[in-house]
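Notes for the one structure printed next.
The values are calculated or read from the model by the stated rules, or taken from the named source; none is laboratory data. The structure presented is a predicted model; accordingly, all values stated were derived computationally and were not measured. Cβ sites come from the backbone with ideal geometry, for glycine too, and all protein chains shown count toward neighbours. The protein model used for the area step is the full one, side chains on, heavy atoms only, and it has no ligands, DNA or RNA in it. Shrake-Rupley method; radii C 1.70, N 1.55, O 1.52, S 1.80 Å.
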Amino acid sequence: MDVLVVGAGDVGRWFADLVDAPVTFTDVDEDRARAAATELDRRAAAVPLDTEESFGIVAVAVPMGAAVDAIERHASRAEQAIVDFTGEMRGPLAAMASTAPARERVSFHPLFAPEHAPGRIAVAESAPGPATDRVREWLEIAGNDLVDVGAAEHDDAMVTIQGRAHAAVLAFALAADDVPEDLATPVYEDLAALADRVTGGNARVYADIQDAFGGADDVAAAAKRLADADREAFEEVYDDASR
């Protein structure tokens, strides 16, 4: 069973490296697709976006904002299954259902950046089958833990898990001054490490997360509530936070 990986960025390359089958890349940047095929440590190929070839599995690994368009463009090339690794689930699964209703359809969300693999991967199954089961096997063999979840439950949870969490860390990074390392407390060290991790990534990824899930406005409102609180109100805010 051959696999077309749509998107030759970090996530597409990470998934392709786990696939125990022939892999072909396609990407809006044809040079990047060719480079990914060359770097893959076994036989791989690259094709242009307008290829008319078909593949057993089409795996979409593009930024969230491009997911639906990519699915609509490439779903017809899937002979057995179409899956995505984009980070949002409701939109991609709806696009798969409308463009490839007769194919197996599953959405995967690695809950980590590729450089931190293996880890937990959320899985929402719309129309699973033998081909998508193989994808699950490849991911599990690589040491990942698969967590089955409904698409709506996943996307609602990501508002806090990604949107609000990333916004809070970035807000701390923006507000923080340089301080002597010898004066650091455990809480500060933990926050500084998180800030380094988030700001060491890809700005577009975090922008896509804010576009998809929001979170910054909620963090700003919470910070304003904290800033406006007098001592008595602060205790109430603190109690609410502890819950």
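So what are the ³J(HN,Hα) numbers for segment 53-59, from phi and the Karplus equation (6.51, -1.76, 1.60; θ = phi - 60°), rounded to whole Hz, Gly and Pro as x?
5, 10, 9, x, 10, 10, 10
Toward the positive end of the charge dipole of segment 1-157, about the Cα centre and with charges on Cβ (Lys, Arg +1; Asp, Glu -1), which of Ala70, Phe55, Thr99 goes farthest?
The one lying farthest along the dipole's positive direction is Phe55.
What percent antiparallel are the DSSP beta bridges of the chain, to the nearest 5?
Counting DSSP beta bridges with both partners in the chain, the antiparallel share is about 20 percent.
So for segment 82-145, considering every pair of alpha-carbon atoms, how many percent are separated by more than 15 Å?
Tail of the P(r) past 15 Å holds 49 percent of the pairs.
Compute the semi-axes of the equivalent ellipsoid of segment 114-243, taking the square root of 5 times each eigenvalue of the Cα gyration tensor, and list them largest first in whole Å.
Value: 35, 20, 14 Å, ordered largest first.
Reported to two decimal places, what Rg/Rh ratio describes the chain when computed on Cα atoms with Rh from the Kirkwood expression?
Radius of gyration over Kirkwood radius for the chain works out to 1.05.
Heads up, I need the accessible area for Leu226: 1.4 angstrom probe, whole protein in place, Å², nearest 10.
Accessible surface of Leu226 is approximately 80 Å².
Which shape class applies to segment 16-128: rounded if a/c is under 1.5, otherwise prolate when a/b exceeds b/c and oblate if not, where a ≥ b ≥ c are the square roots of the Cα gyration tensor eigenvalues?
Note, shape of segment 16-128 comes out oblate.
Quote the charge dipole size of segment 87-225 about the Cα centre in Debye, to the nearest 20; the model charges only the Cβ of Lys and Arg (+1) and of Asp and Glu (-1).
540
For segment 232-243, in order, what is each residue's ³J(HN,Hα) by Karplus, 6.51 cos²θ - 1.76 cosθ + 1.60 with θ = phi - 60°, in whole Hz (x at glycine and Pro)?
Coupling constants for segment 232-243: 5, 5, 4, 4, 5, 4, 4, 5, 4, 5, 6, 7 Hz.
Tell me, what is a quarter of the convex hull surface for the C-alpha atoms of segment 59-107, in nm² with one decimal?
Averaged projected hull area, Cα only: 2.6 nm².
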